[in-house]
Amino acid sequence: MSARDLILAKLKANSPSTAGDLPDVAGWYATHRSTESATDKARRFRHFIELAHAEVYAVSRGGWLQKLYEVLSAKQIDKLLVAPARHTVRVPGATCRHSASLAPATTRPSKAGSRRCSTKRRPASPPPAAPSPKPAR
């Protein structure tokens, strides 16, 4: 008998014949965490996310974008990658016409062929040509 067969035999001998009952997860949480208000949840979240060295800023719904610009400017970050959204964000001073872009007017054009944020609309460069196949020998 090989070492592999011995290990598998030990595992099979010690494995339970049936699965145990599923734990009552909802019951456990009901007894271990009291009902929290939204404010308490936010306070607890902020505490633990700051333990992970995250920067947290308290802002209003209308003031988050201004605070984002302030933080990015203070850190001298001039580019921010934003996933496309279903709506357009209108940002005073931004010249980008792309959906949900947060690019300020100072954004420099990126690599050729990609979407650009600038004051002038430029035609996109054609995609690079595919490499030609090598002849068979």
Exercise. Among the residues of the stretch 33-57, which ones are part of a loop (DSSP other than H, G, I, E, B) and either touching a strand residue (DSSP E or B) at 6+ places or on another chain (Cβ under 9 Å) or modelled with pLDDT of 90 or more (or both)?
Worked result: A52, H53, A54, E55, V56, Y57
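Being of a type outside the set (A, V, I, L, M, F, W, C) and in a helix (DSSP H, G or I) is the filter here; which residues of the stretch 1-32 pass it?
Correct list: R4, D5, K10, K12, N14, G27, Y29, T31, H32.
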Exercise. Within the set of pairs 6 or more residues apart or between chains, which connect a residue that is closer than 20 Å to V59 by Cβ inside the stretch 34-47 to a residue that is surrounded by 10 or more Cβ atoms within 10 Å (Cβ to Cβ) with Cβ atoms less than 8 Å apart?
Worked result: R44/E36; R46/V56
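The values are calculated or read from the model by the stated rules, or taken from the named source; none is laboratory data. Values in this document were obtained by computation on a predicted structure and should not be read as measured data. Note that we place each Cβ from the backbone using ideal geometry, even for glycine, and neighbour counts take in every protein chain shown.
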